[in-house]
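Derivation of every value follows stated rules applied to the coordinates shown; laboratory data play no part. All values derive from a computational prediction rather than experimental measurement. Every residue, glycine as well, gets a Cβ built from its backbone with ideal geometry; the counts of neighbours run over all protein chains shown.
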Amino acid sequence: MLPAIKSQRLRTLLAHYLAVRGDRRMPARRDIDALQLGPVLPIIWISDYEPAAGTFRYRLAGEEVNEIWGMSVAGSLLSDFVAPESFEVTNEAFLKILRDEAALLASGPVYRCIDRIALGERLALPLSSDGVTADGLIGATVRDTLVDLDKTSMNQQVVTYIPVDELDQVVRRVAGD
């Protein structure tokens, strides 16, 4: 069974993603309309995959994203701001989104790779500059409650990959259909 998205902000992002992709498998970065994503903008990030670097370059990051990292991450590679001990796991999760053409939905401890861990929910979706091949990401993370590192197992995060062809079912599940 597909998971439900709890956060209204993440549901807004998913609904916009599905609307702008039209008949294509994935939308392009240029299709994303910031005016339609107002309440989501502070938590959104957009990145492009850079094959030569083997990782993602962040093109845009909302105010809350930058606040969490303590810097503006726009223009930076993922490897520039994620700690080396967490980079491989994070990068591989993002590469899986591209390879499998699937959304990542995670709940539980978020921002585990820095010391500002909170309970929350994350949605990351593939983007495609040509409408066919996944080559970028748009994502957002909702942080609810800060948690004590000593009392929270990092294994408590639940991650689900949802093929892009099944994303409309997630919307229907949220809507109660």
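Separation of the range 44-73 and the range 75-103, taken as the distance between their Cα centroids, equals 10 angstrom.
A Förster distance of 25 Å, applied to the separation of the beta-carbon atoms of Asp144 and Val20, puts the FRET efficiency at 0.35.
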